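Asks: Submitted below is the structure of interest, expressed as structure tokens.
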Amino acid sequence: MSRPVTVLAEPVADQLRASSPQPRARRPEIEGLRALAVALVVVYHVFSGRVSGGVDVFLTLTGFFLAVTLGERFARTDRFNPLRPVARSLSRLAPAAFVVLVVTVLAALWVAPQTRWREVVVHLISSVTFTENLRLVDESVSYAALNAATSPMQQFWSLSIQVQVLLAAPFVVAAVGLLLRATGLARHGRRVAILLVGAGTAASFAWALVAVRADQQAAYFATLPRLWELGAGALAGLLLVDRRPRGLVAAVLGWAGVLGLVACGAVLDGARTFPGWQAAWPVVCALLILFAADAGGRRGAHRLLSRPSLQWVGQRSYGIYLWHWPILVLSMVHTGGDRPSVLAGTAIIGSAVALAALTHRLAERPALDLLRSRRPAWAVALVIACAAPLVVAGAVTTTQLDRQLADFVPAADDPDYPGARAMLRPELMEQADEVEAVPPLSVIRDDWARISDSRCVREGGEDPDSPLQPFSCVRGSDDAERRIVLVGDSHVASWQQPMSEIADAHGWQFVSLINPGCNLSTQSEFRANRSLVEQCDAWRSGLVERIVDLDPDLVVALGTRIAKGSGRRCPRASWRRGSSSRPPASR
């Protein structure tokens, strides 16, 4: 077990005792603020898909409580064990998170198609290890693109950032305390803390401005561009916890914070601008409410925030936040819709509240009492022991799925899988439902078309293993008699193998210009995702000139799509608008 580390000399403890007020037993307006924040998050997610600013409030509150609780511990004792606040944070956050993850995975395996099973277990590992935000950054997920294909565990991105900070901060504080004591600067501990937090907050805010302009989708989920929101809350805890405005001023500030927070999601498009300077709106609103506290008297906003109903919701806000997202996403998977109706949305919210209440009573509170009755090292060990089976199960499943895909070797002469020739044999079409698909549906989502022995170049991406990037491949000699160019999206990419074999057989050159999600067309199919539209437009801007420069003998592009909801045996192909300047010939 870790031994406590002495990090503060007596003068520092005296200074903190003198400068910090006696901690209030309870601040009901903060529970009300939590309730307001989670209500905005859930309502906006379910009914509009917009960002409300509620998550930014949670990040700010995390920083506020982190500074206040660590400061109080320093004020009470000269011996600081960084493992103790870590154990308290995990004891409070991990039990409900693990319950939600287990239920979400089981429900997803039941509701979602097999093509999404690998995605589910991969996000399970990221969520249980509180690295989901890093997973979403790696996948270049757009927060605005809420649909049935969204991960049912995506809501863990903000919890991951909070846990990462809550785990690292106590050890940073302990290290700084030891350094101050060793250098004889211990009496300046509080001022040093304010200086360091302020510098870190300013640096993170500056980095957020740069990161948003470079890649807003990645910045949205990344930890460093979000630290300034926690830093703002921490500065409030260091500077404002013992200060209160006068009655009328407090009332005005409190109501300004409440009304501003309610209006934030309707005014700002946070999914496309946060965590840039626009995210200061909900952060400042939260700080105004924290600063005003209960000093507004009878006219203060704290009277609304302290109502019993909001207190009840605030105490269960964590569970409501965790539950609403998988219910929303999996309901869209089940129905195939893009947005729930008012009645269905109300049912989703009601289900999230009911499950949060059950989780709070049956999991959160009992587990919190159990873990906090143990020594910090034992509490952390218990949390890790509960997380380990989930991580192992996810790792074993992904390994098995990867092995299935690696072992798959298609046979050209397999009578059960004759390919397009099945259309000429009615008996095969009638028995198609009885033949198991290959590769297995659970791995086919990662089965991207590739051609071997080709000179391929990634265009515009840093991850050479990711298929979601433009790339070009050349197979054959530049002096070949004929040149074939294949251009378009991932649907076109499925023709790479047969066309490359045809080119090989005749000694021709084969060139593929592939950009997943972007066809050779004048219109994008991703109008709801601005970043994808812009990326496709940029790729297409010089595409025709590039093809002309290749001087091809044949250009193959996609012209039709299978209509949504068409039958398996009688698919209906529709011409994609913008795919050609000439209408298709009648059939």
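Asks: Name the one entry in F221, F274 that is among the hydrophobic types (A, V, I, L, M, F, W, C), crowded, with 23+ Cβ neighbours inside 10 Å and closer than 19 Å to L40 by Cβ.
Replies: F274
Asks: What residue, among those in segment 365-383 that are closer than 19 Å to V99 by Cβ and either outside the structural domain of R88 (by TED's automatic domain parsing) or in contact with a Ser or Thr (Cβ under 8 Å, 6 or more places away or on another chain) (or both), is surrounded by the fewest Cβ atoms within 10 Å (Cβ to Cβ)?
Replies: R372
Asks: Then there's this: In the set G542, G559, which member is exposed (fewer than 13 other Cβ atoms within 10 Å of the Cβ), modelled with pLDDT of 65 or more and closer than 17 Å to G488 by Cβ?
Replies: Of the residues listed, the single one that is exposed (fewer than 13 other Cβ atoms within 10 Å of the Cβ), modelled with pLDDT of 65 or more and closer than 17 Å to G488 by Cβ is G542.
Asks: OK, next. Being assigned by TED's automatic domain parsing to the domain that holds L93 and either part of a loop (DSSP other than H, G, I, E, B) or more than 27 Å from the chain's Cα centre (by Cα) (or both): is that true of A263 here?
Replies: Against the criterion (assigned by TED's automatic domain parsing to the domain that holds L93 and either part of a loop (DSSP other than H, G, I, E, B) or more than 27 Å from the chain's Cα centre (by Cα) (or both)), A263 does not qualify.
Asks: List the pairs whose first member sits in segment 201-226 and is on the phi > 0 side of the Ramachandran plot, whose second member is surrounded by 14 or more Cβ atoms within 10 Å (Cβ to Cβ) and part of a helix (DSSP H, G or I), and whose Cβ atoms are under 9 Å apart, counting only residues at least 6 apart or on separate chains?
Replies: Hits for this filter: zero, empty list.
Asks: Restricting to segment 507-539, what's the tally of residues that are at pLDDT 80 or above, not in a loop (DSSP other than H, G, I, E, B) and not aromatic (F, W, Y)?
Replies: Within segment 507-539, residues that are at pLDDT 80 or above, not in a loop (DSSP other than H, G, I, E, B) and not aromatic (F, W, Y) number 8.
Asks: Go through (1) in contact with a Cys (Cβ under 7 Å, 6 or more places away or on another chain); (2) modelled with pLDDT of 80 or more for V492 and report which single condition fails.
Replies: (1)
Asks: Kindly evaluate L166 against the criterion of being hydrophobic (A, V, I, L, M, F, W, C), in contact with a His (Cβ under 9 Å, 6 or more places away or on another chain) and either assigned to a helix (DSSP H, G or I) or not assigned by TED's automatic domain parsing to the domain that holds Y321 (or both).
Replies: Spelling it out, it is not the case that L166 is hydrophobic (A, V, I, L, M, F, W, C), in contact with a His (Cβ under 9 Å, 6 or more places away or on another chain) and either assigned to a helix (DSSP H, G or I) or not assigned by TED's automatic domain parsing to the domain that holds Y321 (or both).
Asks: Okay, moving on. D294 fails exactly one of the following numbered conditions: (1) assigned to a helix (DSSP H, G or I); (2) of a type outside the set (S, T, Y); (3) surrounded by fewer than 24 Cβ atoms within 10 Å (Cβ to Cβ). What is the number of that condition?
Replies: All conditions pass for D294, except number (1).
Asks: Any residue that is modelled with pLDDT of 70 or more, in the same structural domain as A493 (by TED's automatic domain parsing), within 27 Å of H506 (Cα to Cα) and touching a strand residue (DSSP E or B) at 6+ places or on another chain (Cβ under 7 Å) - is there at least one of those in segment 439-458?
Replies: Looking through segment 439-458, at least one residue is modelled with pLDDT of 70 or more, in the same structural domain as A493 (by TED's automatic domain parsing), within 27 Å of H506 (Cα to Cα) and touching a strand residue (DSSP E or B) at 6+ places or on another chain (Cβ under 7 Å).
Asks: Something else now. Conditions first: (1) out of contact with any Pro (no Cβ under 9 Å at 6 or more places or on another chain); (2) surrounded by fewer than 15 Cβ atoms within 10 Å (Cβ to Cβ); (3) part of a helix (DSSP H, G or I). I289 passes all but one, so which condition is the exception?
Replies: Checking I289 against (1) out of contact with any Pro (no Cβ under 9 Å at 6 or more places or on another chain); (2) surrounded by fewer than 15 Cβ atoms within 10 Å (Cβ to Cβ); (3) part of a helix (DSSP H, G or I), the one that fails is (2).
The values are calculated or read from the model by the stated rules, or taken from the named source; none is laboratory data. These numbers were taken from a predicted model, which means no experiment stands behind them. So basically every Cβ, Gly included, is an ideal-geometry build from the backbone, and we count neighbours across all protein chains shown.
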